[in-house]
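Chemist: What follows is a single structure, and I will ask about it in a moment.
The values are calculated or read from the model by the stated rules, or taken from the named source; none is laboratory data. These figures come from a predicted structure and were not determined experimentally. A quick note on method: Cβ atoms are made from the backbone with ideal geometry, for glycine too, and the neighbour counts reach across all protein chains shown. Note: accessible area is taken over every heavy atom of the protein model, side chains too, but ligands, DNA and RNA are not part of it. Shrake-Rupley method; radii C 1.70, N 1.55, O 1.52, S 1.80 Å.
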Amino acid sequence: PSFHAALQKTNMARTADVQSPSEATAYSKVCNSWNSWPLTAKVCFLFTPAQLLACIYACAWYEVGPMIKGSKEDELEIFSMARNALIIPMALISLVAMYHVVEMCSAKPRHRALIISRVSMFIFMVKMTYYTLLSRGYGLAFQNQRCYDLRPIYGTRYAGWTFAVPTIVFMNLYPLMDEHRLIDVLIRLFPQLAASLTYCWAAGLGCILYDPWMGWFLCILACVAYLAIIVDEIAFVGEYISTTSQPVLKGISIGIKEVMFVLYTLVYLLGNWGFMSSYAVQAFYSATDIGHIAVMSSLLFLYWNVDDVKRSGKPDHQD
């Protein structure tokens, strides 16, 4: 017993030497994240395993519809135009990259601004990648079984959205938590990030299953999950909007994002119900994808630079 007690004390001492106080605190926050979430975040998070298990079950027991060889010429033109139009935000992202290098080399780098610049560059590369693949005919097009005309649904787009949608959610809500470390922001936003990721999987898979009941179940589950994300986002904004700097500008940014995402869902449903053509749906997705990233990146750096003047005497968190 004395040996085991001595061994336990030695291991505890080694752990204390290896882990800094900040690392121990971060580990404790991650382990206790469920208890720290409000009810809206807990409900939102529960949709992540629900959608994930539903997708796994559907893949295991239900048949997926056939792939479409090639792509429609008019839709390929849309994807090519979108890829070429990304040259406009490419200039903005080039400035962001140069800003990132200058900020890293400064004597007192602003770590929150560095995080935002990295996130902006990441989402731009995601969109450039999947629009390049779509324009070259690598869209992984399946027949949309939920539509009367069996129009194509592009797996490449949904794979890109798997990375893009959670990133946009983070970009939009991270600035509200002015005085918090990155780990605190990620813990609070994790339910929304995870649910929005699996939302893309459920919405895409639900359209290509042969079985209409399981297909519509996944589509409806994805839409309900997004409603849970909106409810938790409202709770999050209500919690932090009164204490953040520039609440009006940040509130406008959140409003623009939410309107766009609600329109995405409406266009998705209208396309499945046959009220919008496949060409109109793809044109809407492409135009809003490009416009949204440009507006979001511009707003982020606008209020971040204004914040830098107002908060010049305050230390920045080193996340």
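Chemist: Over the stretch 199-279, with the other protein chains present, what is the accessible area per residue in square angstrom, probe 1.4 angstrom?
Modeler: Here the per-residue accessible area is 44 Å².
Chemist: Same structure again: Expected output is a single nm value to one decimal: the length gained when fully extending between MET125 and LEU150, i.e. 0.36 nm times separation in residues minus the C-alpha distance. What is it?
Modeler: So the extension gain works out to 5.9 nm.
Chemist: Related question: At 7 Å along the Cα-to-beta-carbon direction for both LYS42 and THR132, put a label point, then send me their distance in nm to one decimal.
Modeler: 4.6 nm
Chemist: Sticking with this structure for a sec: Among LYS42/LYS257; LYS42/LYS127; LYS72/LYS257; LYS69/LYS257, which pairs are too far apart, with a Cα-Cα distance over 27 Å?
Modeler: Distance filter (> 27 Å) returns LYS42/LYS127; LYS72/LYS257; LYS69/LYS257.
Chemist: Any chance you could check the Cα centroid distance between the stretch 127-150 and the stretch 203-233 for me, in angstrom?
Modeler: 19 Å
Chemist: Out of every Cα pair in the stretch 98-189, what percent are spaced more than 23 Å from each other?
Modeler: Value for the stretch 98-189 (Cα pairs over 23 Å): 45 percent.
Chemist: Continuing with this model, one more query. Mind listing the long-range amide H neighbours of SER71? Cut-off is under 5 Å, sequence gap 5 or more, other chains count too, H placed in the peptide plane at 1.01 Å from N.
Modeler: none
Chemist: In nm, to one decimal, how far is the modelled label at VAL102 from the one at PHE217, with both set 7 Å along Cα→Cβ?
Modeler: Distance between the two pseudo-spin positions: 5.6 nm.
Chemist: Going by amide H atoms built from the backbone, whose H comes under 5 Å of the H on GLY65, apart from near neighbours?
Modeler: Under 5 Å from the amide H of GLY65 lie the amide H atoms of LEU209, TYR210, each far enough along the sequence or on another chain.
Chemist: Here is a follow-up. Which ³J(HN,Hα) values, rounded to whole Hz and listed in residue order, are derived for the stretch 195-204 from phi using the Karplus coefficients 6.51, -1.76 and 1.60 in 6.51 cos²θ - 1.76 cosθ + 1.60 with θ = phi - 60°, glycine and proline given as x?
Modeler: For the stretch 195-204, the Karplus curve yields 5, 6, 5, 6, 4, 5, 5, 5, 5, x Hz.
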